[in-house]
Structures are given as C-alpha cells and as structure tokens.
Ligand SMILES: NC(=O)c1ccc[n+]([C@@H]2O[C@H](COP(=O)([O-])OP(=O)(O)OC[C@H]3O[C@@H](n4cnc5c(N)ncnc54)[C@H](OP(=O)(O)O)[C@@H]3O)[C@@H](O)[C@H]2O)c1
C-alpha cells in the first residue's frame, strides 16, 4: 500500500480505503463482511469509512465494523483511521435527518456506541442540507472535535460555495477541515471541476467515493444486470434505470483501453483518479474479497499516456 499526505495536515491515508455503505449491513452475509475487512487490513487498507445510516438497516454497518474490530482487530486501534458521518436520514422523524447541531451531536454519540470506539479519527458533516446554516453545522463539528469524540473534522458533498464557507469557519476555530469527501469517477467529474480546486486551495485532503460509479465502471453490466449486483438489489442505491445503454457502451469501450494497458476496467478507473495528485485516497466498495483484491491491482497500474487520457475523456464525455 502507498500512503498520501492528507492536505496540509500531518495525517497520511492509504491510496485505497474501504467504505461500508453497501454490503456490511445486517441483511448482508456477516462472514463475507468480516473477510473483506480483514482482507483490506492485511493489504494495508487502514482507513475505514462509515456513516450513521450505512446498512441496511441504518446503523448496522457500524455495528458490523464494531464487532469485527472487537473480535479481530482490537489491539490495532491506533494503527487505523476510522471515519463516520451524520446528515442523511437515519430514522424517520424531525431529528433523524439533516445537518443540525441536534442531529450531528446525538448521531456522533450513537455512532460511537454502535462501533464501540472511544473516538472517530474524522467525523464528517455528510451533506449540506440547504436549511441549516453552515455556521451551525461547523460549530457542531468543532465541538465534537474539542470534546474528544473525533480527532478531525470533515465535510462531504458540500457545494463549492458552502465548502469555502465551511473551510473558513473551521480554520478560524483552529479545527481545520482535514478532508472533503466527493463523488468522482471517469463518469462523474463535477466535483473534480467544482470541489477539488476549493479543497486544494484550503489545504484539505480529498477523498473520492464511488470510483467505479457503483459498479458501472466494471465489466459487470456488459451483458445485462446480473442477479447478484447492486442494480438488482432492491436495497441498492444503483437503480436498474441507471444502467443505461450509453453507460454500458462507454464501459465496454473503456474496457478496451484498460485491456490494452493490461488491467481491468475497475483497476484503470481507480488509477485514473489516483493520477490526480490532489487526491488523498479513493474509497472503494466491494461485495466480495475477490473484488477487493482485484481492485488493489490499481496500485500497480502503468502511468497514463496523454493519448490514453484523451481517449478516456472523449468516451466519458458522451455520458457525462
Ligand atoms: N460521502 C458520501 O456521501 C458517500 C456517498 C457514497 C459512498 N461513499 C463512500 O464511498 C464508498 C464507496 O462507494 P461505492 O460502494 O459506491 O464505490 P464503488 O467502488 O464505485 O462501487 C462498489 C461496487 O461496485 C461493484 N464492484 C466493485 N469492484 C468490482 C469489480 N472488481 N468487478 C465488478 N464489480 C465490482 C460492487 O457491486 P456489486 O454489489 O454489484 O458486486 C461494489 O459493491 C462507500 O462505501 C462509502 O464509504 C460516501
């Protein structure tokens, strides 16, 4: 594993991190979830990404991680970097959603209980909710850090304007924004254009999520929607309607470039993000140990030639 410095902080993160949005809930196979966490750990992935609502059911991914931590990795707490977040719907009700101080503080406490951790390494505001003043959300993050419940503060999916306001407030309080988490992939470059420059200018690290567009940037959907896939899973966030002929055709053509480079489309897609030196880490999801191990091959990808980058952009431009 290679590690990159997270913005202007003293923290290093692995180039590839493991996220638990899908496949770690109480409806998933607990043995597979444990095997994936341990395979990640054995391969130098020391950064695990959680959120209060990850499951389903909401909260159960944190419980799964907490169980594996206790049974297998308890003595390694100081060697790992664990994040959680609050801001999306966790439970129905007026205090179960959003970016208010009320929700963030209560949610952080509940996430600590579920994981059994004494503190998170970074606690994120999961989203700008369009209602809560950024000042209120940032003050909650500052207080979470000052009370020792998290070591660092982070933000996720903030529009560039609110991202800048958040960074200013956090810097002024001397709890700088360690990291911003943004959706980015060959298929989805909005954050690369809008958020990356703001993060870089403010000394924040950048963590990319959904680097494979939830599986679309693999060979998985080239011949239809397999029964065991996120798009076929009623709990999955990838909908059948997201698997469009245009995206499948783009994946097929991108796969040909990957094959010429001697790698899989998944591996090339992760490497494509890591080629941007502003990126600190790419958070992958996986539904099996095999996927996880094969995606780690992106760490050995050859450098992209200017012609390859142009070809990739031209194909992706048709579906962006
Ligand atoms: N901050 C935020 O708002 C936010 C939002 C979303 C995600 N995240 C974080 O980012 C993490 C990653 O997101 P993601 O799960 O969408 O990432 P992703 O890497 O784009 O998608 C992962 C899915 O792609 C499929 N896949 C992975 N490797 C494959 C391979 N080699 N061959 C074929 N299929 C493969 C699997 O789906 P199948 O089930 O079909 O096998 C896997 O579950 C999340 O767990 C979470 O921690 C954060």
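Brief remarks follow.
- Virtual paramagnetic centre 7 Å along Cα→Cβ of residue 307, amide N under 18 Å, in the stretch 257-298: 257-263
- Extended-chain gain in nm, criterion 0.36 nm per residue less alpha-carbon gap, residue 314 and residue 174: 46.1 nm
- As a rough footprinting exposure proxy, the listed residues 104, 296, 38 were ranked by other beta carbons within 10 Å of their own, and the order from fewest upward is 38, 296, 104.
- FRET efficiency, 1/(1 + (r/R0)^6) with R0 45 Å, evaluated for residue 161 and residue 70 via beta carbons: 0.60
- Net lengthening on full extension, residue 118/residue 79 (0.36 nm per residue, minus Cα-Cα): 12.6 nm
- Fully extending the segment from residue 239 to residue 276 would add 10.4 nm, taking 0.36 nm per residue of separation and subtracting the current Cα-Cα distance.
- The chain - share of DSSP beta bridges that are antiparallel (%, nearest 5): 10
- Where N is the number of residues in the stretch 174-312, Cα Rg divided by 2.2 N^0.38 Å: 1.08
- Mean projection area, nm², convex hull over Cα of the stretch 159-232: 5.9
- The equivalent ellipsoid that matches the C-alpha gyration tensor of the chain spans semi-axes of 30, 22, 19 angstrom, in descending order.
- Taking 7 Å steps out from each Cα toward its Cβ at residue 288 and residue 219 produces label points 1.3 nm apart.
- Mean-square fluctuations from a GNM of the chain, with a 10 angstrom spring cutoff on Cα atoms, peak among 154, 96, 246 at 246.
- Projected label points at residue 89 and residue 190, each 7 Å from Cα along the beta carbon direction, are separated by 2.0 nanometres.
- Prolate/oblate/rounded label for the stretch 55-98 (Cα gyration tensor, a/c 1.5): prolate
- Antiparallel bridges, percent of DSSP beta bridges restricted to the stretch 1-142 (to nearest 5): 25
Readers should treat all values here as calculations from the given coordinates under stated rules, not as data from a laboratory. It should be emphasised that the depicted structure is a prediction, and the values quoted were computed from it without experimental measurement. Please note: Cβ atoms are built from the backbone with ideal geometry, for glycine as well, and neighbour counts cover all protein chains shown.
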